[in-house]
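Here's the structure, in structure tokens; my notes come after.
Each reported figure results from applying straightforward, stated rules to the coordinates on display, with no laboratory input. Owing to the predicted nature of the structure, the values given are computational and were not obtained by experimental measurement.
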Amino acid sequence: MSDTPIDSSKRTWLIASGCAGAVGGVAVAVPFVSTFQPSEKAKAAGAAVEVDISALKPGEKLTVEWRGKPVWIIKRTEEQLAELPKLDSQLADPKSERNPAELTPEYARNTARSIKPEILVAVGICSHLGCSPTDKLTPGPQPSLPDDWKGGFLCPCHGSTFDMAGRVFKNKPAPDNLEVPPHMYLSDTLLLIGEDKKA
């Protein structure tokens, strides 16, 4: 260390320069560090989705997006529910026993594949190659469907058919039923898709 005294004006400039450098460093670091935070879009992609189903009438379908996938919410009619058990012999996996951990939560391993029998919640993506099946909810003969069609879904890509519970018919390209996402009811008319456990 030198015995030469430092001019007080130099000391002031050194302190001012150091402070300005520190402020500049923080100004550069804040935007850089903030890029490590997930964007709002990324948060929304994995976040649970609340859906008000109070206006949904029997026979109607509502589609929402969860994790970039279409999720169908269908309020089935009494007639549609009554047909479900009659189809078991025609289905590849009527009791949703294949890949249950991935495709069907325990509370949906029933004939209706749902918590409330009248409300189906299913991911609208075919288990074959990821196409989105089309609605064929009206019973009766239709192109590409059997004459005794009871209502359900038809995958336009390779012809897989699903009943009104999202269960795949036998001898079709789709290996599995439609996925039932985790979900729960927050009230009688408010559905939460993406979570099924109360905190």
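Each Cα pair under 8 Å and six or more residues apart adds its sequence gap; the mean of these over the residue count of region 86-199 is a relative contact order of 26 percent. For region 162-169, the Karplus equation 6.51 cos²θ - 1.76 cosθ + 1.60, evaluated at θ = phi - 60°, returns couplings of 10, 7, 6, 10, x, 8, 7, 6 Hz by residue, with Gly and Pro reported as x. The slack between Ala82 and Thr63, meaning 0.36 nm per residue of separation minus the straight C-alpha distance, is 4.5 nm.
When Rg and the Kirkwood Rh are both derived from Cα coordinates, the Rg/Rh ratio for region 55-170 amounts to 0.92.
Over region 86-133, the alpha carbon radius of gyration divided by the compact-protein estimate 2.2 N^0.38 Å works out to 1.17.
Take the cross-link list Lys86/Lys170; Lys61/Lys170; Lys75/Lys136; Lys116/Lys170 and give me the ones stretching past 20 Å between alpha-carbons.
Cα-Cα > 20 Å for Lys61/Lys170; Lys116/Lys170; rest within.
In a fully extended conformation the segment linking Thr189 and Tyr107 would gain 27.7 nm over its present Cα-Cα distance, using 0.36 nm per residue.
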